[in-house]
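Take a look at the structure below.
Values quoted throughout were computed directly from the atomic coordinates according to the rules given, and no laboratory measurement underlies them. Computed from a predicted structure; not experimentally measured. As a convention, Cβ positions derive from the backbone with ideal geometry for all residues, glycine included, and neighbour counts pool all protein chains shown.
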C-alpha cells in the first residue's frame, strides 16, 4: 500500500510538470498582457520597457525554468492586472467556491441516491418514469441554461430568491462564510442547485442501476424472507453495497466541482475561484491562470489518490501492486 | 404531533429566509459591468477602472457631469507660461482620507510615479514629464520634454495620491486600500462581490448627498438585468441592446441613454500591391456598406451614423463632413473603373468581446461587400488576441472603436493615423500600417500649435483630408450608452460622456 501511495505521488508530480508545460506553451498564443499594462497611449519603446520589467522578453524556456524555480519555493508570481500575489488572490476566493461545491455535492448525494432508490424499487411506476426522464434532462441541459432559467423563474418572475452574489457574509478571519446568515443561505440556493443538476442526474442513474442489480440477488430475497423491515433490507443490505461506486464517483466529481464551477459562478456572479479565472482569462493575466490550473490539478490529483485509498479501505479484497 | 412540529419549524425558517428587508435610505446600490482591477489610481488607464478611482481620488482638474467641461479640482487655476511648462495653483485646506494635508509634494510624488512601469499604466504621460518643480507648498510647475498641447485636458485622469502613506505602506496595501482626497472613502472591497463606499464628510466640495454606495460588479449581462428587475440594484450600467425591450416594457424601470463618445470604424491599409490602395476601391467599399441598416438591425437603433472618428465636442471634429451615401451600383462601377470588375479577396479582422455587437457588425459588413463582388474572409477573435495584432501592424482591414479622453484628436491621430515609426513612437495602433507622407507632415505640424483656435482649424483640415480625400477609415457609427434605473426611487442620474460613475454627481 505504501509503495503504491508513493508511486501515485510521483506520478502526480509528473502530471503537474506536464500541466505547467502545456500552460506555458499555450500562453504563447493567448495574447500579449504587456499591451494593456503599458497603457493605451504608450509608445513601442515604453511597451518594450514594461516587457523587460516583467521578464517577458526572455525566451519561453527561461521563463518556464524561472517559474518552476519560484513555484518550488511557493512563489507563484504576481498578477499582472492587480499586481498582488496570484496565490493569495485565488485562495481569497477559495471559501466561496468550496461552500458552493460542498452544498452542490450534498444536494446531489441526498437527492441522487434517494431518488435512485425510489426508482429502483418500482421501476415501471409513472413517478419513476418521470424521474428518469427528468434525469435525462439534468444530464443533457447545459449549466448556463439551467442557471439562467432558475434566475428567470425564481428571481425575476416569482421574485423570492436573489439572482446573484453571496449575500451577507461573516468573516472568520481566515474564512469568509455565507453559511451563518439567512441572507447568505438564500443566495446559495440557486447556484447550488444549478451546479448540482448534472451530478445529481449521474448519481441517480448510477444508484438505480446498482440497486436494480442488487435487489435481484439471492441474499436480498433471503432478507425479505426472514421478515426484516423494508428499511433494513433496502438501506442496510442493498444500498450499502451499491454505495461504493457511488461514493467513488461523488468524490471524483467533488474535485471537479471545486475546480470547474466556472460557468455557474459567472452566471450567478458568485465570487469564487472560477469567476476569478474567467476574469483573468479575459485580461490575459497569466500568473493567475497558471496558478489556478496548477492548484486545480493538485486538488484533483489529491482527491483521486484519496479515493483510491478509501476504496481499498471499503473493499479489502482490492490490492494495488 | 412531533412530525407537525418539524414541518412548522421548517416552514417558519423558510419564511424567515424570504423576509430579509431591503437596504436603508440615502444609500445607493449600483450594478456595473466591470469589476475594479485594483485600488491604485495609476495602475489602470481604462475608463472602467478610472470610474472607480474618480470617487476616491481627485485630479488637479476635473470634468463635470454630463457636459464634460474641464473645471478646477485640486488646482484652483492653471497657466501655460511657455510651450513646455504648466503651472498649477493648488487648493488650500484639502486633506486626504487619513488626515494628511494635501500639498505640492503630493503632486510631485504622484506625477513622478506615473513613469514607473511597476505601478503605472500612464507611462506615456509619465515619460513626457521632464521635471516637477515645487515653487511653494501650493504652487507647482510641471515641465514636459516636448510640447504637449493637450496636457491640461488630461488632468482629470491623473489622480493625486498621498505621498506619505503611499511610501510608508507596502505595495499590496496600496493596491488594496485607496487613500485620496475624493468624495468617498473605501469602506470595504470584497473581490468579486462588492465595493462599498462611504461619504467623505470633509470633502472640499461639500459632503456628497448619497452617504453609502454599494457597487456590485456583475459581468454577465442577463444577471445584471435580473438584479435590476428583482430590485437588488437601483442603477445598472451597460444594458445590452438585446435587453433594451424588456427594460423599456417594465413599468418599474426607466432607461437612460446618451450618445457615447466612442465611434466604431473600419481601418484599411494602403500597401501599393493591395487593390484597396486605390482611392476608387476605398470609396467603393465605403459606399457598399448600408450603415442605416446596421444601425437598425444590428444595433437595434442604439447608435447614430458617423462620418468621422471624433465626436462633436472633440477638437478636430469637422461638422462639414458627410457620409458617402449607400450606393452599391456606384460601388460596382467604381470597382470596374479601378480594374476589379470581379472584385477581390480581403480579410476583415475584429474583436468579438470589446464593442457593442462587434462580431455582428463584422458579419454584416462582409455580407454588404459580398454583394458588390468583394469576398471577405472573416477573422473575428477575442480582444486579448486581436489588439496585439493591431499593435504589430499586421492586419489589412479591421474593425475598431475609439474616443479620446483629452477631447483633442492630436494624440489619437499620432497613435492610429501616423505612419508606423517605432523610434519616434508614432503609429503604435495603426494596425494596417496605413501610410501617407502628406498626412504625417500635417499631423506633425500640429504638435507645436498651442493656440486652441488654430489647433481646431488645422485638426479639422487633417480630419477632412483623412475622411474625404484619402478615406483612411470607413466610419460606421457612434455607440449609445444605455443605463437602466429603478423608476420610483427618486434617483437623479445624468450619465457622463466618459461612462464614469461619479457618485457625488448622483442624488436621490
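So the values come out like this:
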| item | result |
| --- | --- |
| FRET efficiency estimate (nearest 0.05) - Cβ-Cβ, residue B:221 to residue B:254, R0 30 angstrom | 0.95 |
| Full-stretch length increase - residue A:218, residue A:241 - with 0.36 nm per residue and alpha-carbon distance subtracted | 6.9 nm |
| Partner chain coverage, peptide B:381-393 - average Cβ within 10 angstrom | 4 |
| Peptide B:225-238, shielding by other chains (average Cβ, 10 Å cutoff) | 4 |
| Backbone N within the range A:128-169 under 19 Å of label point (7 Å from residue A:256 Cα along the Cβ vector) | A:135-147 |
| Sequence of B:439, A:190 once ranked by neighbouring C-beta atoms within 10 Å, starting from the fewest | B:439, A:190 |
| Relative contact order [Cα under 8 Å, 6+ residues apart], chain A, whole percent | 26 |
| Mean Cβ count within 10 Å, highest first, over the residues of peptides B:77-84, B:431-438 | B:431-438, B:77-84 |
| Three-way shape label, the range A:20-136, alpha-carbon gyration tensor, a/c 1.5 | prolate |
| Prolate/oblate/rounded call for chain B, Cα gyration tensor, a/c under 1.5 rounded | oblate |
| Inter-probe distance in nm under a simple model that places probes 7 Å from Cα toward Cβ, at residue A:182 and residue A:133 | 3.8 |
| Peptide B:125-132, shielding by other chains (average Cβ, 10 Å cutoff) | 2 |
| Length released on extending from residue B:139 to residue B:169, taking residue separation times 0.36 nm less the Cα-Cα span | 8.1 nm |
| Residues A:285, A:57, B:106, sorted so that the one with the fewest Cβ neighbours within 10 Å comes first | A:57, B:106, A:285 |
| Shape call, the range B:72-201: gyration tensor on alpha carbons, a/c limit 1.5 | prolate |
| Mean Cβ count within 10 Å, highest first, over the residues of peptides B:172-180, B:141-149, B:119-127 | B:119-127, B:172-180, B:141-149 |
| Relative contact order [Cα under 8 Å, 6+ residues apart], the range B:261-479, whole percent | 33 |
| Ranked list, fewest to most other Cβ atoms within 10 Å of each Cβ, for B:161, A:249 | A:249, B:161 |
| Chain B: relative contact order as a whole-number percent, Cα under 8 Å and 6+ apart | 19 |
| Residues residue B:494 and residue B:201, FRET efficiency given R0 of 25 Å [Cβ-Cβ distance, rounded to 0.05] | 0.55 |
| For a label point 7 Å along the Cα-to-beta-carbon line of residue B:98, residues of the range A:67-110 with backbone N under 17 Å | none |
| By average C-beta atoms within 10 angstrom, highest first, the peptides B:288-298, B:218-228, B:56-66 | B:218-228, B:56-66, B:288-298 |
